[in-house]
Amino acid sequence: MSVPLQRVKVWDPWIRLVHWGLVVLLALSWWSAKTDRMDLHLISGQLVLGLLVFRIGWGIWGSDTARFTRFLRSPIAALAHLRHFGRQALDTEMGHNAAGGWMVLVMLALLLVQTASGLMAGDFYDVHGPLAERVPGEVNALAGKVHDLNFNLILVAVGLHILAVLLYALVKRHDLVRPMVTGVKRMPPDIARHPPRIASPMLAACWLAVVAVAVLGLFRLG
């Protein structure tokens, strides 16, 4: 007789905001660049940078499942996790698994490179980044090339992420999408009795306000 699973809140609203916000903004950034809506492209980039800075801070002092120290494990642990990928078992991970944690780190790094290069790019689609006039011309040119090339790497990473989610659903029967929408997972009782700590909404709101002011000030430099 199987033990009924229990509902556990694993993802706070802020992590879900960052996740789905980046999904929408990446699509908007791509579309606005392809259609020469560079005013909209700059706004999208500003919002992406804000979400990234918020996520990095939240990864230091936020909820348990958001903290880098909680989900970043050794590469050996990630390989060990992938070695048993074909084995069906209940999903017992409160947050990111050992391999998923590294995917999060790679994606954040790529997005940081994208926003940093966009800040300094000059004459990129006839648009200057807000910091373009504060760096040498050769840096402008290099930043523009990096911005263009790095987006292709982001598309590859996004494709791998989507493929991984589909494989987890088909092979291991793990639903990774629903918890990122609702914030809730269904887990065995022995694990569910130790839910992750969810950080204060006030702390998140204050940090988000600080980030918004800082990013807005940075873009106004240009």
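The residue list 135, 215, 165 was ranked by how far each Cα lies along the charge dipole of the chain toward its positive end, using unit charges on Cβ atoms, and 165 comes out on top.
Shape verdict for the chain, please, from the Cα gyration tensor: rounded (a/c under 1.5), prolate (a/b greater than b/c) or oblate. In terms of gyration-tensor shape, prolate. Give me the percent of accessible area attributable to carbon and sulfur for the chain, probe 1.4 angstrom. Carbon plus sulfur share of accessible area: 69 percent.
Taking all protein chains as shown and a probe of 1.4 angstrom, residue 31 keeps an accessible surface of around 110 Å². Taking other residues whose beta carbon is less than 12 angstrom from the beta carbon of residue 22, and scoring Lys, Arg as +1 and Asp, Glu as -1, yields +2.
Ranked by the mean number of other Cβ atoms within 10 Å of their residues, highest first, the peptides 184-191, 84-91 fall in the order 184-191, 84-91. Derived scalar couplings between HN and Hα for the range 136-152 equal x, x, 5, 5, 4, 5, 5, 4, x, 5, 4, 4, 6, 5, 5, 5, 5 Hz in order, rounded to whole Hz, by the Karplus curve 6.51 cos²θ - 1.76 cosθ + 1.60 (θ = phi - 60°), x for Gly and Pro.
Helix 98-120 and the long axis of the chain differ in direction by around 10°, with both axes built from C-alpha atoms. When +1 charges are put on Lys and Arg Cβ atoms and -1 charges on Asp and Glu Cβ atoms, the dipole computed for the range 148-208 relative to its Cα centre reaches about 360 debye. Considering only 52, 95, 147, and ranking their Cα positions along the charge dipole of the range 46-168 that arises from unit charges at the beta-carbon of Lys, Arg, Asp and Glu, the one farthest toward the positive end is 95. Taking a Cβ cut-off of under 14 Å around residue 113, the surrounding Lys, Arg, Asp and Glu residues balance to a net charge of 0, with basic ones at +1 and acidic ones at -1. Residues in the range 26-106 average 53 Å² of solvent-accessible surface per residue, probe 1.4 Å, ligands and nucleic acids excluded.
Relative to the Cα centre, the charge distribution of the chain, modelled as +1 at Lys and Arg Cβ and -1 at Asp and Glu Cβ, gives a dipole magnitude of about 1060 debye. Computed about its Cα centre, the charge dipole of the range 97-222 is approximately 820 debye, with only Lys, Arg, Asp and Glu carrying charge at their Cβ.
Judged by the ratio a/c of the largest to the smallest principal axis of the C-alpha gyration tensor, the range 98-222 counts as oblate, that ratio being 1.5 or greater while a/b is no larger than b/c. Note on exposure: 220, 193, 37 ranked by accessible area (1.4 Å probe, complete protein assembly) read 220, 193, 37, with the most exposed listed first.
The values are calculated or read from the model by the stated rules, or taken from the named source; none is laboratory data. No experiment lies behind these values; they were computed from the predicted model shown. Note: ideal-geometry Cβ built from the backbone for every residue, glycine included; neighbour counts use all protein chains shown. Accessible surface areas use protein heavy atoms only, side chains included; no ligands, DNA or RNA. Shrake-Rupley method; radii C 1.70, N 1.55, O 1.52, S 1.80 Å.
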